[in-house]
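Report on one structure; see the data block that follows.
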Amino acid sequence: KAAFINFISDQEWKSIEPVSSWFGPSSFLMSSMSSLFKLSMWIRHGHGYLTENLGIPVWGSYAVFGLATLFLGMVLGLVSEALGTD
């Protein structure tokens with residue numbers, strides 16, 4: 001606590017280089033990281049729901065997410081192919 005108060009009162013904060021805009025909270029990089037974290041939490045909650053509420057075994061939950069990943073990849077591939085030009 002004393003170190004923080006000295007940091008403020010001695011104005012040591014002025015000697016710290018500001019964070020570049022690339023790593024700022026509203027930058028594309030940090031927004032993407034936030035979205036990935038939210039996705040991982042959604043997957044974790046989904047896994048918990050499947051195993052705890054529905055009683056699906058852990059390997060079954062992994063199979064559901066694996067199949068969902070394959071299906072999403074196929075759909076994105078088909079959309080990409082349909083929108084692509086030759």
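Could you list all residues from segment 32-75 that are open to solvent by 100 Å² or more (accessible area, probe 1.4 Å) and more than 20 Å from the chain's Cα centre (by Cα)?
Passing the criteria: Glu52, Asn53, Trp59, Leu67, Phe71, Met74.
Can you list the helices (runs of 4 or more DSSP H) found entirely within the chain that contain at least 3 residues being at pLDDT 95 or above?
By residue number, 28-48, 58-83.
The values are calculated or read from the model by the stated rules, or taken from the named source; none is laboratory data. All values reported here derive from a predicted model rather than from experimental measurement. Areas reflect the complete protein model, heavy atoms only, side chains present, ligands, DNA and RNA absent. Shrake-Rupley method; radii C 1.70, N 1.55, O 1.52, S 1.80 Å.
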